[in-house]
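The values are calculated or read from the model by the stated rules, or taken from the named source; none is laboratory data. Keep in mind that what you see is a predicted model, and the values were worked out from it rather than measured. Cβ atoms come from the backbone with ideal geometry, glycine included; neighbour counts cover every protein chain shown. Calculation scope for accessible area: heavy atoms of the full protein, side chains included, ligands and nucleic acids excluded. Shrake-Rupley method; radii C 1.70, N 1.55, O 1.52, S 1.80 Å.
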Amino acid sequence: MIRYAIGATLVRSADEGARVALALLALDRLGNAGLGGLLIAALLVPHVLAAPAVGLLVDRSGRPARLIGGAAAVFAGALIAAGLAVGRLPTGLVLAALLAVGCCGPVLTGGLSSRLGGLVSADRLPRAFGLESMSYNVAGIAGPAAAAVLAGLASPGAATVTLGAAALAGAALLATLPLAGSAARSPALAGVRVVLRQPVLATLTLTTSLGALAGGMLPVVVAVAATRAGSPAAAGLLLTALAVGALVGSALWTRWPAAPERAPWWVAGGLAGTGLPVLAGALHPTLPLLAVLFTIAGIADGPLFGALLTARQHWSPPELRGQVFTLGAGAKITAAAAGAALAGALAGAATAGQLAVAGAIPLLGAALAVAGFARGSRAPAPQRA
């Protein structure tokens, strides 16, 4: 678990930090912030498109540690190459390379999480998923911060190359994990079918995608709110409050995890807990109050993610877990991107209105979750592996 946690955190920190480093790199060398957005999109869009195929590879792999480590190494190499090539090689070539390498993304998120059950016993797995949630939280804080600091101290190119080197170190650790291979040869779309047909998995995917839709809105919403309040830098502080709260919440789940059978209900509660504080902020959207409310929302988001991973593990067939996890992760990433677009479309609306929409969407997810879990939790879980 120590090797897993360090390796996963290094790789995911590089993934999160790359979104900042690539934007700064395009601005530094080409003077084009829009191109930075294209570079980031090229890295992210393949997540959802490649998720079914990547999940199938993970499920069928006889040596999953080598597959995961290899994918992480390819991703690391792409970051290093981008740090050297942007502004020096044709932009189309760089974009094509990032699109291809972006297909490794689902391995680093859902694919990696789906193998955690091979490292710990079943009774310790909910707590292990809490540590996994903390890995994402730490990466979300450390990656962008490291990219910004390194870009300031050296250059955006050096920041991008350094993140790639960190990912390479993480890849080396992940490749040595003692993960058992699988002899399963499930049909290519079996994972898609089980996610659509199994009530708990279908509800988890739909409702947490709604939560991710709202989460994708928040960076834009807080940037608008902070700018209107005359303090643009406060946007970063609000997002940091959200991330720190999530880290605290993940730590609480790790210490006191719920039983797998109860995990779906924690997802429903977490959605409500993230939506209500944001909705409350619409009543009086001052920056100090929003900082407190965002911290509370983050604390609710930590257990939500740990519970989501636990529930996916419990309700997915062992031979299809790679596909179930990567499909779920891909759906959330796509929903977050759609949330950013939605927030952009609403940027001219009143701050209170934007916060109301961002808070109401997770509450809708919570209501749908209660209805779906009440029906689906009566079905027996698949046989444990």
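Data for the structure
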read-out: Among [x] 122; [y] 185; [z] 133, the entry derived from the coordinates for volume of the Cα convex hull per residue in Å³; value: [x]
read-out: Nearest-20 debye value, the stretch 180-302 charge dipole, Cβ charges on Lys, Arg, Asp, Glu; value: 300
read-out: Only Lys, Arg (+1) and Asp, Glu (-1) charged, at Cβ; the chain dipole about Cα centre in debye; value: 760
read-out: L368-I6 FRET efficiency (beta carbon distance; Förster radius 30 Å; 0.05 resolution); value: 0.25
read-out: For the stretch 84-226, size of Cβ-based charge dipole, Lys and Arg +1, Asp and Glu -1, in debye; value: 320
read-out: Listed residues E319, E261, E132 arranged by accessible area, highest first, probe 1.4 Å; value: E261, E319, E132
read-out: Charge dipole of the chain about the Cα centre (unit charges at C-beta), most positive-ward option of A371, G344, V278; value: A371
read-out: ³J(HN,Hα) computed for each position of the stretch 270-277 - Karplus, 6.51 cos²θ - 1.76 cosθ + 1.60, integer Hz, glycine/proline x; value: x, 4, 5, x, 7, x, 4, x
read-out: Among P318, A85, G143 the positive-end extreme of the charge dipole of the chain (Cβ point charges); value: P318
read-out: By accessible area with a 1.4 Å probe, ligands and nucleic acids excluded, highest first: order of V161, V58; value: V161, V58
read-out: Estimated distance in nm for a label pair at A100 and L206, the labels positioned 7 Å out from Cα along Cα-to-Cβ; value: 4.0
read-out: Relative contact order of the chain, pairs being alpha-carbon contacts under 8 Å that are 6 or more residues apart, as %; value: 26
read-out: By average C-beta atoms within 10 angstrom, highest first, the peptides 216-227, 300-311; value: 300-311, 216-227
read-out: Cβ-derived FRET efficiency at R0 25 Å, T176 paired with V74, nearest 0.05; value: 0.90
read-out: Contact order relative to length of the stretch 283-385, as percent, for alpha carbon pairs under 8 angstrom and 6 or more apart; value: 48
read-out: Where labels lie 7 Å past Cα in the beta-carbon direction, separation of A338 and A259 in nm; value: 3.5
